[in-house]
Amino acid sequence: MRLAMAGLALLLAAPHLPHAAGQSDDPAGDNPSVDGPPFSLPFKDPPGPATWLYEQHYGNTTSAFNFGNVWYAAGQGMHFGIDLEAPCGTPVYAIADGVVTYVDAEGFATGPHSLALDHPGTGYTSFYGHLGEQPPFVRGDRVERGQQIGVTGDPDLSCESRPHLHLEIRSTDYAFAYNPIPLIDANWHMLSSIGLISSDFQQDLDAPYRWMKIEDQPEIKLGGNWLNNYARPWPPKLEVRAPVDTPAPRNLGPLPESVRVTRELVSEDHWNIGARWRANDLDAVYIIDAVPGQETGVFRQPLDGSERTWVEAAPPTSVSPDGTVTVRHLGGGTMEVRRLTDGARWEYYLGVYPSVSPDGTRLLWEVVNGELLPGQSQPPGVEFWVGNLDGSLRRMVQRLSGGYSLWLDAHRLLLVKRIVYSADTQLFVLDIDAPNPAPVLLGTFRFVRGIQVAPGGAHIAMLLPFQPDPGASGIYLLRTEPGAVPQKLPFFGAYQWRDDQSLYTLSYDGSTDVHTLGVYDLATGEHRTLTDPDTLPIRVANGDWHVSPDGTRIIYVDPTDYGLYVLTIEGDS
């Protein structure tokens, strides 16, 4: 949701809206108990690449943390609704029986059009923002659950930049916003397995468990003090965050026809959200955890379920994709780089977090000359820098007006440049070892998201939803060579690289909360399932699943118990 700076003074605390008779400022008084979720989804079509996708959570999102001073200041720095991405003109339906209270109320700052409904007997109101047309109602009109009340629009008035529905659940006096997730009947963990611009929540290292689950988000008092003004946030702000790591080269060969997938419980009685692999230790995962009376730290959790042990204070050290280099922030923008093969160590100032090349020989970092905000008419310039591990031969290899970078391999970068106020994104390849490095255009694509570089850098996988031809919407494969033609893949769901020739996949079906694990083989073009949901039901919390650096195992967090599990994939002998 995009809010103008001039609107912050009246944003959503809405002092001009009447306080409902007999109600107090205590949000608990506006939340009578109900049996099951009282509301339904605002769309009738099932979610998918051509219909709609879940875009942003309510509450303590990383987007709210990064952009709160511009968009969410009156909402205590939190995202006070959920965002559902859909093409402009998608029909929007009432989530319950209700009475119209406001049409296009300017104080909500969610243009171009909006609608508010009171839901008598529930203690809640619903609000629909960024509608494409003025809803055909007046105050006092009654609507029924499932009745069309409008169509989706775009806050930038482009129907290209950020088309989505912003949906809020509030108290009847509009003073408090509530988490819609437990109030709307949907399989939210399935919905969040693909499509989200960011599924992360902003972690407070001084209270690392707070507001890190989609079900566990705070009530927001509009106009109240900020809730996420963290002294020690993780991950860091976008302007200093490291580029996403690219896997080290690996080729496992095709999976045989007979494949065995086994599951083991790793940890159930501890905090498990955010567990990550390190390429220099394949027998464990690493988790930011807390111990009473001790500073929040990084713990090593063995995959055999044995005792978790302290490793270091948070924030965590990063390990290169090939496991040979570590990078640790010493404070104030100074980095410590260690090469594990010979023990060499260097300290120097970068000001931002770097990413290590897949072969462990170079660093890549970005210098942003301004504040990053989606939908900016003039995004800040971004400089892309590379250098050796010891800090030598630092040089700026490219500068763009907005964008970000990823390693493809030891000498090539992928540059991603969004064209402002449009759906278009340009992808470039830059060979930093060429005599006169210059970015080469791979192509221009609409609504690009979910870019993942294959081990070795020869391909990328990406999601292209909401294409002009609905049948063209889906997951695509693209070779990272000029002139390559993108190839639509025969599945839709979450995906991560197994090796340089195959992808692991998780099924996507909004009618169930259970995933099926699959694999796609680039060489044969075949997609096949590896698990039976009846005998091995896989439930993944908020997209929290990760393939091991050797491609043979997957860790994931299950939302039913928030336990940590490991899947092992191997051919029968």
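Some points to look at:
- Least to most buried among ARG232, ARG362, ARG498 (fewest other Cβ within 10 Å first): ARG232, ARG362, ARG498
- Hz values of 3J(HN,Hα) by residue in segment 181-195 - Karplus curve (6.51, -1.76, 1.60), Gly and Pro given as x: 4, x, 9, 10, 6, 7, 8, 5, 5, 5, 4, 8, 6, 7, x
- Annotation for segment 271-325: GluC sites (Glu not before Pro) lying in DSSP loop with at most 10 further Cβ atoms inside 10 Å of their Cβ are GLU307.
- Binning the C-alpha pair distances of segment 368-471 at 10 Å intervals from 0 yields a P(r) profile of 14, 41, 34, 10, 1 %, listed from the shortest bin outward.
- Options (i) 136; (ii) 158; (iii) 180 - which one matches volume of the Cα convex hull per residue in Å³ as calculated here: (ii)
- Dipole of the chain computed with +1 at Lys/Arg Cβ and -1 at Asp/Glu Cβ about the Cα centre; of TRP346, TYR495, ALA231, farthest Cα towards the positive end is TRP346.
- Note on segment 472-528 and segment 229-301: Cα centroid distance 23 Å, given to the nearest whole angstrom.
- Note on the chain: helix-only mean residue ellipticity at 222 nm, from DSSP H runs of 4+ residues weighted -39500 (n - 2.57) and normalised by residue number, equals -500 deg cm²/dmol.
- Ranked by how many other Cβ atoms sit within 10 Å of their own Cβ, fewest first, the residues LEU430, LEU255, LEU330 fall in the order LEU330, LEU255, LEU430.
- Shape of segment 240-571, Cα gyration tensor, a/c cut at 1.5: oblate
- Straight-line cross-link reach from LYS213 at under 23 Å between alpha-carbon atoms covers these lysines, not counting any fewer than eight positions away in the same chain: LYS221, LYS237.
- Average Cα contact separation per residue, segment 165-228, under 8 Å, 6 or more apart, as relative contact order %: 35 percent
- The reciprocal of the average 1/r between distinct C-alpha atoms defines the Kirkwood hydrodynamic radius, which for segment 5-235 equals 17.7 Å.
- Contact order normalised by residue count of the chain, Cα under 8 Å, 6+ apart, percent: 13 percent
- Cβ-to-Cβ counts within 10 Å put LEU41, LEU191 in ascending order as LEU41, LEU191, the fewest first.
- Alpha carbon centroid spacing (whole Å) that separates segment 83-143 from segment 343-361: 50 Å
- Using alpha-carbon coordinates, inclination of helix 62-71 to the longest axis of the chain, degrees: 50 degrees
- Taking amide hydrogens as placed 1.01 Å from N in the peptide plane, the amide H of VAL285 sits under 5 Å from those of GLN301, LEU303, each at least 5 positions away in sequence or on another chain.
Here, each number is a calculation from the coordinates, and none is a lab measurement. As the structure is a prediction and not an experimental result, all values here were calculated from the model. Don't worry about glycine lacking a Cβ; one is built from the backbone with ideal geometry, like all the others, and counts go over all protein chains shown.
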